[in-house]
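Remarks on the structure that follows.
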Amino acid sequence: MIDREEIHHLKRLDDTWLKAAALGCLWASAEITIGAFLHNLRIPMAGNIMAAVGIIMMISVGILWPVRGLFWRAGLICALMKSLAPTAVIFGPMIAITCQACLMELSVRLLGRHGVSFLIGAMLAMSWNMVQFLVGKLLAYGKGALDLYQALIIWAQKNLGFPIGQDWLPILLMLLGQLLFGFFVGCLALRIGHRAASEPLRMSSLTKAEVLAIRAGCKAAASTYSGWWLGFNALMLALNLFLTVYTSWLIWLPSGFLVMLLWGWRYRHGIRPLLRLPFWIWFVLLTVLSGALLGSIKEGWDGLRSGLFTGLAMNFRAAVLLLGFSALGTELRSPALGRRMSRGRFSQLAAALEAAVETLPWVMANLPRLSESFQRPITVFHQVVAQADFWLKRLILRQTRRRGVLLLCGRVGQGKSGIVQRMVDKLKASGMKPVGILSPSVHCGGVRIGYDLVDLFDGQRWELSRMTDEVHRAGRPSVGFYTFLPTGIYFGLQALGLDKAATADLVLVDEVGPWELCDQGWASALYELTLKSDVPMIWVVRLDITGQVAEHWGLDKPVVINLDGSTSDQVLEAIQRWISESGSHFNRSSRS
């Protein structure tokens, strides 16, 4: 299989820690976004709501990944990531997350992995908030808290007719309510988990504007790393979060703005893809309006100004957090730091936390809108949970750093497919066996109306996409002006299957575009080929997203051939030279 002598700087994470990093990252993204929203609105029982979110995450993803030790690892990673959440209350939620995960793990360990154990684990995890609250009050106020409680019970018994001697009845009733709520949440989580396991997400469409936004994203570039910058980023992130809580806006606003400008300058290649305008417009409006509403409710319309500042402060903390995580994640890729983290007893935790921190900004940028979370919670959780495999593959790709990939890039209409076809003909004439797909354009009256798909294995050809209007799309996925036919997608995925790649000398993919960067199109087949096959590959890529493709699939030193300024003969010669330098990969056909 793939040569792993030189891999990514991280110590190789085992399967459980990789899955825990993906789950912990998903869980932390919900804690940071939904938790901050609930905190800003002062929603009653916010802790129970967040516990419900964590329970749904654990059970539903646990159904997808039946791995021993998943929950406590994911809880620990989420708790550590929660330490940088945009809120002043940190330590309590970190303890709650860790204990809830451990209680779920305990239930599964003792009773086995089935519905009953998940439900019991959900009930125990939900009840922990009350236990932690009571213990916290006892620690804070000592025996005086018990004396006060007993005095209140005696007063209630005398004035409200409560039975004498039932001091613990209110606590037991509240605990019973927690257990029942946990049971309900567990049932909901089981439903979501089984749905995610049995109903994979349908391919989604991309509008022309979304395609252009992806293509306008910055190309990946080589990064320089600095331990000083890592320490500075951590300090600035903690300092600015502290300032937004304990100081006036006259201090935290200019301070945070300056540090974000600094991060934007140094990490511009890693931060630009995160600045999705619709995401930020919605988040700003939601938080500002919620702050204004809170101010008007608490203080009348005179409180509008303070409410607006509350919403702005929350949104500003979220912006600092998101960009700060991206900056930290970039510096955490340092090979020198990776070598230090790969040694010691906690190397797996450190490496998993690094991977989760690096992935968190991308997860948060792809979360569904908060309005959808309240309108269609089951559907939204299904979407989030179904993406767990996607983020897991991203984490694995960052470790493996796949080699042996050539990116043939050029602009639209520059003849990429024609050059690939000539190369295929030459390879076949020399006795080699290429597989994969070509996507020749289809024209009518001199106008391009779509693309066909050609399976290089047997030469069969199908319709892949056609230019249609909104009326004739009939629920089919579309990218820009082109609607994709289900048969073309199906046979394209079959042509890129591992079984065909195992018999080949070379895999060609025409093409890898914005759709694949959104985990659609040929993305699932590319993940399998990148992770489980050592056959060299040539991917046809548009020039403006070459860097994004290389970064997205964690390619290690891909060879890039640009059609600009080169003739087709020069390009073919460069490709043939790369093929010959790949050496032993092409001896397979002669042996067979």
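Taken together, the values in this text are just the output of simple stated rules run on the coordinates, not laboratory data. Everything numeric in this text was worked out from a predicted model, so none of it was measured. Here the Cβ is made from the backbone with ideal geometry for all residues, glycine too, and neighbour counts use every protein chain on show.
Please compute the contact order of segment 402-591 in relative form: average sequence separation of alpha-carbon pairs under 8 Å and at least six residues apart, divided by the residue count, as a percent. Don't jump to the answer; show the numbers that get you there.
Details: 319 pairs, mean separation 58.1, N = 190.
Once normalised by length, the contact order is 31 percent.
Counting other C-beta atoms within 10 Å, which of E331, E573, E528 has the fewest, and how do the rest follow? Could the numbers behind the result be given before it?
Values: E331 23, E573 12, E528 16.
Ascending Cβ contact count within 10 Å gives the list E573, E528, E331.
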task = For segment 390-485, restrict the atom set to alpha-carbon positions and state the Rg and Dmax in Å.
result = 16.9, 49
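Given a Förster distance of 41 Å, report the FRET efficiency between E463 and D15 from their Cβ-Cβ distance, rounded to the nearest 0.05.
On the way: r = 40 Å, r/R0 = 0.97.
So, using R0 = 41 Å, E works out to roughly 0.55.
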key: Sequence of Y246, Y267, Y482 once ranked by neighbouring C-beta atoms within 10 Å, starting from the fewest   = Y246, Y482, Y267
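When Lys and Arg each count +1 and Asp and Glu each count -1, what net charge do the other residues less than 11 Å away from I59, Cβ to Cβ, add up to?
Working: positive: R113, R191; negative: none.
Summing Lys/Arg as +1 and Asp/Glu as -1 gives +2.
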inquiry  = Beyond a 31 Å Cα-Cα separation, which of these cross-linked pairs lie in this structure: K19/K428; K428/K557; K416/K532; K19/K416?
reply    = K19/K428; K19/K416
query = What order do you get for M57, M260, M537 when you list them from fewest to most C-beta neighbours inside 10 Å?
reply = M260, M537, M57
query = What is the set of long-range amide H partners of L508 at a cut-off below 5 Å, with H atoms built 1.01 Å from backbone N?
reply = V435, G436, I437, I538
key: All-pairs alpha carbon distance profile, segment 402-591, 10 Å steps from 0, percent   = 9, 38, 39, 13, 2, 0
